[in-house]
Amino acid sequence: MHQNIETRLSINTATVRKQGDLVQIMEACARHGIRAVAPWRDQVAAVGLERAVRAVRENDLALSGYCRGGMFPANPDRRAEVRDDNRRAVDEAAALGAPCLVLVVGGLPQFSRPGSAPTKNLMQAQTQVEDGLSELLEYARDANLPLAIEPLHPMYAADRSCVNTMRHALDLCDRLDSGRTGLLGVAVDVYHVWWDPELETQIQRAGKKRLLAFHVCDWLVPTIDLLQDRGMMGDGVIDIPKIRGWVEAEAGIGHIEVEIFSEHWWARPMDEVLDTCLSRCRSAV
């Protein structure tokens with residue numbers, strides 16, 4: 001990452017979501033020489049899709065992804081809601097010029113789609129995920145927009161994602177996209193997968209066709225909050241350069257996306273956070 005960092009670093013806009021709106025974040029990234037971002041849907045909605053598209057163009061930015069689709073499990077009578085919501089996500093990603101739509105697939109229905117009936121049947125939720133993915137893939141194919149399944153750490157199995165390993169995510173890819181068309185793959189976030197003893201072999205299994213996004217941050221010990229206490233690269237225990245090397249050996253040189261949910265970093269000025277992201281990518285990624 002030491003060479004051409006400005007062309008490789010991307011900022012997931014959640015990293016500074018409390019310091020400004022999406023347009024302000026894009027303008028700040030451009031000032032710092034950061035050439036790519038990965039916006040979130042709620043941030044796009046807050047400024048409007050048309051304004052977001054214009055801000056991407058005005059600041060000469062690329063996208064490394066768009067967050068997020070998914071949350072497939074729900075009551076049967078809400079299937080149309082899930083379908084339509086995900087189709088809108090595909091449309092927004094395409095309008096913004098994103099290379100993929102990142103999918104956080106959802107956990108138990110009552111958490112994925114609040115108001116759904118409570119259940120403890122995780123296997124049924126996983127079946128709903130696969131069915132929802134299959135349906136969305138058809139729509140995404142027409143839009144020529146790749147879908148990136150992001151396996152999440154098992155601590156999120158109940159509420160955010162019942163796909164928790166690279167193996168599970170790639171099994172889904174193989175069943176739903178056996179031809180390896182490039183339209184279904186994975187987003188590798190070191191925060192979620194660093195612990196997996198199969199990680200290197202599953203990255204090799206994914207290969208260039210399936211490795212659609214790469215996210216970095218760090219795992220703090222202790223972690224005070226399971227959602228909002230991610231670490232800045234170099235502050236935790238993840239061997240990020242090793243994982244980056246595995247990804248690059250298969251997928252070549254692409255964007256390296258910093259995604260940090262952190263009350264600590266959200267309390268810092270945006271310029272300071274972006275400066276720190278740049279310096280840590282040089283020293284710890």
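Some points to look at:
- Looking across the stretch 134-186 at every residue that is crowded, with 20+ Cβ neighbours inside 10 Å and charged (D, E, K, R), the one that is farthest from residue 203 (Cα to Cα) is identified as 160.
- Any hit, the stretch 83-96, residues being of a type outside the set (S, T, N, Q), crowded, with 18+ Cβ neighbours inside 10 Å and within 13 Å of residue 161 (Cβ to Cβ): no
- Residue among 107, 70, 33 that alone is at positive phi, buried (at least 24 other Cβ atoms within 10 Å of the Cβ) and touching a residue at least 12 places away in the same chain (Cβ under 8 Å): 70
- Close contacts from the stretch 1-17, counting a first residue that is under 12 Å from residue 61 (Cα atoms) and of a type in the set (D, E, K, R) and a second that is assigned to a loop (DSSP other than H, G, I, E, B) and at pLDDT below 80, with Cβ to Cβ under 8 Å and a gap of 6+ residues or different chains, come to 8/1.
- So residue 231, is it free of Cβ contacts under 8 Å to residues at least 24 places away in the same chain, in contact with a strand residue (DSSP E or B) (Cβ under 9 Å, 6 or more places away or on another chain) and not charged (D, E, K, R): no
- The helices (runs of 4 or more DSSP H) found entirely in the stretch 4-93 that carry 1 or more residues being within 23 Å of residue 265 (Cα to Cα) are 5-8, 22-31, 41-47.
- Which numbered condition residue 197 fails, given (1) closer than 22 Å to residue 101 by Cβ; (2) surrounded by fewer than 20 Cβ atoms within 10 Å (Cβ to Cβ): (1)
- Residue 8 among the charged types (D, E, K, R) and either in contact with a strand residue (DSSP E or B) (Cβ under 6 Å, 6 or more places away or on another chain) or surrounded by 22 or more Cβ atoms within 10 Å (Cβ to Cβ) (or both): yes
- Restricting attention to the stretch 268-285, the residues that are small (Gly, Ala, Ser) and either in contact (Cβ under 8 Å) with a residue 24 or more places away in the chain or surrounded by 21 or more Cβ atoms within 10 Å (Cβ to Cβ) (or both) total 2.
- Flag for residue 118 being outside any helix (DSSP H, G or I) and either more than 21 Å from residue 215 (Cα to Cα) or without any contact (Cβ under 8 Å) to a residue 12 or more places away in the chain (or both): yes
- Checking 203, 260 one by one, the residue that is surrounded by 20 or more Cβ atoms within 10 Å (Cβ to Cβ), under 30 Å from residue 184 (Cα atoms) and out of contact with any Ser or Thr (no Cβ under 8 Å at 6 or more places or on another chain) is 203 and no other.
- Residue selection: residue 56 fails the criterion of being in contact with a Lys or Arg (Cβ under 6 Å, 6 or more places away or on another chain), surrounded by 15 or more Cβ atoms within 10 Å (Cβ to Cβ), under 20 Å from residue 8 (Cβ atoms) and not aromatic (Phe, Trp, Tyr).
The values are calculated or read from the model by the stated rules, or taken from the named source; none is laboratory data. Worth saying up front: this structure is predicted, and the values here are computed from it rather than measured. All Cβ positions, even for glycine, are placed from backbone atoms using ideal geometry, and neighbour counts span all protein chains on display.
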